[in-house]
Amino acid sequence: RLPTIQQEVQQRKLLYIGLYLLIWGEAANLRFLPECLCYIYHHMAFEMYGMLAGNVSAMTGEYVKPAYGGDKEAFLKKIVTPIYCTIAQEAERSKIEKGNHSQWRNYDDLNEFFWSADCFRLGWPMRADADFFCQPLKPVDERNEGTIKADKQKGKVNFVELRSFWHIFRSFDRMWSFFILALQIMIILAWSEGGSLGNIFDPLVFKEILSIFITSSILNLGKATLDIIFNWRARRTMEFMVKLRYVLKFILAAMWVVLLSVTYAYTWEKPTGIIRTIKNWFGNGPDQPSLFIIAVVVYLLPDMLAAVLFALPLLRRKLEGSDYKLMRLIMWWSQTRLFVGRGMHESAFSLFMYTMFWVALLLTKFVFSYYVEIKPLVEPTKDIMKFPINHFRWHEFFPRAKGNIGVVISLWAPVILVYFMDTQIWY
């Protein structure tokens, strides 16, 4: 709050800045809890405003006084020390519960308390019996088996991390999905007659390339599945609308896998392989490519909207700041409701330069990958698949597979690994 007299505004701002710097300096041990420092600052700033304005406390009927004033080193002893002791207790807890990280709180978990409305229950002066200061649970060896099972099912916070290597995919899912789809397109083009990039205009080759939308839907189903798995432990403390979004995304992703696969099967008059199997399941009707095109257009509508919002940051800024129900529904589907950084985006020029940088980088990568990594392997792969191999010196890993699939995998695996990892080299 600022005074109404303009001459005092600058002085009051300097006092607020000084208060913040003093809090930060004295509470250096809490530097990894920025939300906690903000909580302390806002309460102390409110007290300072009341003291300077000469306000009367509604609780005591006296002039406003600091809740922790008077004693020597009161700030360190009564504010910093209790919070720091809680951090120290959780650090000791982590040494006991090395294998089960869901039983103790790290800095993110402690910060999360101050993200929610629960922090107001802490009060000011802070209540010693508040949930934030609660003692850690007893060690595992002091609890019976039934209690252990119950504690494992109950999350310590709203988010209980499930450690898995799949986090590498989920955290960068758009990058991995883009690389997988690009790899599929390059393999189809390289496998076509001549391996020329101009083959993309061939109707049959282009129809094969359209299968990337089925791959995309399968990847989206995988992302929806991982979201449910990773957040399963937090289901008891999760809001209903968040649960609903996860379930709806999984159902919709599964529906798109089935719908795109079926409609794609009907684009072929004489399909082979798995496409023929799908068409046999749903009946050998006439080919109807228009159904697949319509399904693809509808499937891409959310991505088209996201592309428009990405290209127009001003529009996205207004939509994120809007409280209209339709806008809130769209934003709810794509992301959780933002409070910090809501409506903050880069300028159009910065966005353009950022986009041009990545377009140039990825274009260079894909040209190199196609002509140096993918295309040179196609002819040897075709020869290996045609050449019969009846005797192996080593164990045959795929004895019933056709086309020497084991040899093909050993040939392609290192190249595919380099393809996914060489982006950092170009970067």
FRET efficiency (residue 371, residue 255; Cβ distance; R0 60 Å; to 0.05) is 0.95
If you filter the range 181-261 for trypsin sites (Lys or Arg not before Pro), then keep DSSP loop positions with at most 15 other Cβ within 10 Å, what is left? 235, 236
What ranking, highest mean first, results for peptides 353-359, 210-216 when packing means the other Cβ atoms within 10 Å averaged over each residue? 210-216, 353-359
According to a simple spin-label model (label point 7 Å from Cα along Cα-to-Cβ), what is the distance in nm between residue 333 and residue 53? 4.5 nm
If you take the beta carbon distance between residue 317 and residue 355 as r and set R0 to 22 Å, what does 1/(1 + (r/R0)^6) give as a FRET efficiency, to the nearest 0.05? 0.80
Please list, by residue number, everything in the range 63-94 whose backbone N is under 16 Å from a paramagnetic label point 7 Å out along Cα→Cβ of residue 22. 65-80
Under a crude label model (7 Å from the Cα following the beta-carbon direction), how far is residue 238 from residue 303 in nanometres? 2.5 nm
Loop only per DSSP, at most 11 neighbouring Cβ atoms within 10 Å: give me the GluC sites (Glu not before Pro) in the range 152-257, ordered by residue number. 239
Difference of contour (0.36 nm per residue) and Cα-Cα distance, residue 65 to residue 164: 30.5 nm
What spacing in nm lies between the two simple spin-label points modelled at residue 133 and residue 42, each 7 Å away from Cα in the Cβ direction? 2.0 nm
Given charges of +1 on the Cβ of Lys and Arg and -1 on the Cβ of Asp and Glu, with all other atoms neutral, how large is the dipole of the range 33-97 about its Cα centre, in debye to the nearest 20? 120 debye
Difference of contour (0.36 nm per residue) and Cα-Cα distance, residue 15 to residue 89: 23.2 nm
Given the pairs 325/365; 13/78; 13/72; 95/223; 72/95, which are separated by over 31 angstrom at their Cα positions? 325/365; 95/223; 72/95
Order these peptides, 171-177, 74-80, by their mean beta-carbon neighbour count within 10 angstrom, highest first. 74-80, 171-177
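The numbers here are math on the coordinates, done by the rules we state, and not lab data. Owing to the predicted nature of the structure, the values given are computational and were not obtained by experimental measurement. Cβ atoms come from the backbone with ideal geometry, glycine included; neighbour counts cover every protein chain shown.
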